[in-house]
Amino acid sequence: MTSAIGWYGPLIDLSKASAHIGDLVQLLVFIHRCTPLQYKLSKRGEVLRTDIQVGDDTLPYFSVSLWQKQMSSLAVTGDVVLLQNVKITKFGGIVDGTTVQFSSLQCLIHPYESLLSKGVDDLTRECRVGNTAMEKLVKVVKWVQRIGSSFYNIGSNSFQKNIHLPRNWKVQEQTEAQELFLLSEVLRLRNSCKVVFNASVGEIFLPITWRVLGDSEKENMFVSRIITKVGKSNLVEDITCVGCQLCGSPLDLENRSELKKNSIPLFCSKSSDHFHAVGLIYRPFMLYVWDESEYLPLLVRNKAAELLFGNIKAEKIYSCYIGQNQNQNCQQDHNCKVIISKASGKAATVSCSSGLDDRQVKQGVEDDKNINFHLVWLILVKLLLQQGKNSPLKFEVNVNTSLEGENEKFEMVSVSIPCIKTNGSLCYP
């Protein structure tokens with residue numbers, strides 16, 4: 001939805017902000033949170049900036065910086081407002097908004113409680129805005145009302161003063177994990193708990209729903225099929241996305257249905273300030289593990305995926321992958337070995353034909369610039385999928401028996417790789 005309104009610029013959906021970098025626009029949004037930031041300048045005194053986190057029916061989170069004290073005093077958590085003459089900027093890959101000297105803020109609906117207690121017609125009847133803005137206002141109000149339970153007590157004074165409130169999610173109690181010997185025992189559990197068990201990796205399944213797959217491409221959801229193919233694949237692009245690096249929730253809205261967009265969590269359950277830490281993450285996938293008695297599907301989110309893949313973050317494999325595609329001279333060397341640094345825990349690939357001595361290899365391990373994280377990651381994934389029952393791993397898993405399906409009933413928390421003692425027995429760190 002884009003429509004020109006006077007000289008202020010177009011009224012845009014937040015999801016279209018990236019198409020207006022450097023432009024002045026209007027934003028009709030709901031305010032999630034206001035955070036005042038104070039800076040001291042040596043010659044010009046103090047400048048107060050307020051960062052507000054806003055959302056609309058197309059994008060739940062978007063940041064706007066208010067540089068005018070008068071505007072900051074008008075911004076209230078829980079209000080629906082019209083921001084005029086906001087400049088869309090991009091820095092470090094993040095798109096946000098910032099006010100300029102002639103920006104303004106108009107409160108359309110206050111207080112927040114009225115959004116949940118009144119109908120759409122009653123809320124919009126008193127608003128003096130144009131037809132296009134009214135259409136957008138109706139959409140934003142309906143969006144807030146649809147997910148209103150997520151904004152528990154958001155408009156109260158105690159929220160404004162950052163006083164602790166009951167969260168709208170349950171914090172799992174820290175309990176000692178049960179150690180079980182067979183996966184069949186895990187499947188028979190009737191109470192939610194944390195368990196530890198040994199198992200082998202059978203398959204990594206990536207449910208690709210964000211793009212259309214032909215019949216011949218559906219096998220690409222099974223990583224074991226992709227990893228053995230010769231030639232370019234979309235594995236890195238499919239297994240990484242923009243999301244919260246703490247809770248592992250994907251936040252990218254491109255190619256998502258309206259139902260999927262509305263299912264994005266508004267608050268991060270893993271963050272002390274409830275904000276998502278937005279960046280590149282591993283997209284949630286299913287890890288199928290097995291032993292002699294049974295197989296089990298484990299849901300793996302970003303933090304657990306990093307542990308599974310040797311502490312290699314998604315942004316590192318993605319940047320190396322993109323760099324290889326952009327630079328044709330950067331060819332993958334298949335005649336290589338993996339070096340693990342005991343000091344840093346980092347992994348590196350070194351060509352066997354490179355002629356480096358041990359000192360140079362050790363230095364290269366400590367220097368990220370010499371590490372092809374994409375290639376290291378591919379090797380690790382192959383190793384995980386090719387070892388079969390010969391390499392049992394120790395998994396720590398949260399079991400939620402209240403969930404009916406198996407897709408989220410078992411969620412991986414961590415994984416340990418066994419070490420081989422001098423007598424040939426296995427031990428785990």
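The values are calculated or read from the model by the stated rules, or taken from the named source; none is laboratory data. This one's a predicted model, so the numbers in the text were calculated from it and none came from an experiment. Cβ atoms come from the backbone with ideal geometry, glycine included; neighbour counts cover every protein chain shown. Accessible surface areas use protein heavy atoms only, side chains included; no ligands, DNA or RNA. Shrake-Rupley method; radii C 1.70, N 1.55, O 1.52, S 1.80 Å.
Residues of region 315-324 that are more than 10 Å from W377 (Cα to Cα), under 17 Å from the mean Cα position of the chain (by Cα) and surrounded by 19 or more Cβ atoms within 10 Å (Cβ to Cβ): Y318 alone. Considered as a group, the residues in region 78-113 that are of a type in the set (D, E) and outside any loop (DSSP other than H, G, I, E, B) include one that is nearest to F62 (Cα to Cα), and that residue is D96. Consider P111 carefully, then state whether it is within 21 Å of I12 (Cβ to Cβ), out of contact with any strand residue (DSSP E or B) (no Cβ under 8 Å at 6 or more places or on another chain) and open to solvent by less than 60 Å² (accessible area, probe 1.4 Å). No, not satisfied. Restricting attention to region 396-426, the residues being open to solvent by 50 Å² or more (accessible area, probe 1.4 Å) and either hydroxyl-bearing (S, T, Y) or modelled with pLDDT under 85 (or both) number 14.
The residues of region 264-283 that are open to solvent by 30 Å² or more (accessible area, probe 1.4 Å) and under 17 Å from E315 (Cβ atoms), listed by number, are A277, V278, L280.
Just to be sure I understand, how many residues within region 114-145 are under 19 Å from P60 (Cα atoms) and among the acidic types (D, E)?
Taking region 114-145 and keeping what is under 19 Å from P60 (Cα atoms), we get 115-116, 133, 135-145.
Still in the running and among the acidic types (D, E): 135.
Qualifying residue count for the region: 1.
The set of residues in region 191-215 being part of a loop (DSSP other than H, G, I, E, B), touching a residue at least 60 places away in the same chain (Cβ under 8 Å) and open to solvent by less than 30 Å² (accessible area, probe 1.4 Å) consists of L206 alone.
For region 130-151, check the following and say yes or no: at least one residue is among the aliphatic types (A, V, I, L, M), at pLDDT below 90 and open to solvent by 40 Å² or more (accessible area, probe 1.4 Å). Give the derivation first.
First, pick out the residues of region 130-151 that are among the aliphatic types (A, V, I, L, M): 133-134, 137-138, 140-141, 144, 147.
Then keep just the ones that are at pLDDT below 90; that gives 147.
Next, only the ones that are open to solvent by 40 Å² or more (accessible area, probe 1.4 Å) stay: none.
Within region 130-151 (the criterion being among the aliphatic types (A, V, I, L, M), at pLDDT below 90 and open to solvent by 40 Å² or more (accessible area, probe 1.4 Å)), the answer is no, since none of the residues qualifies.
The residue list K232, K260, K313, K218 contains one member that is modelled with pLDDT of 80 or more and among the basic types (K, R), which is K313.
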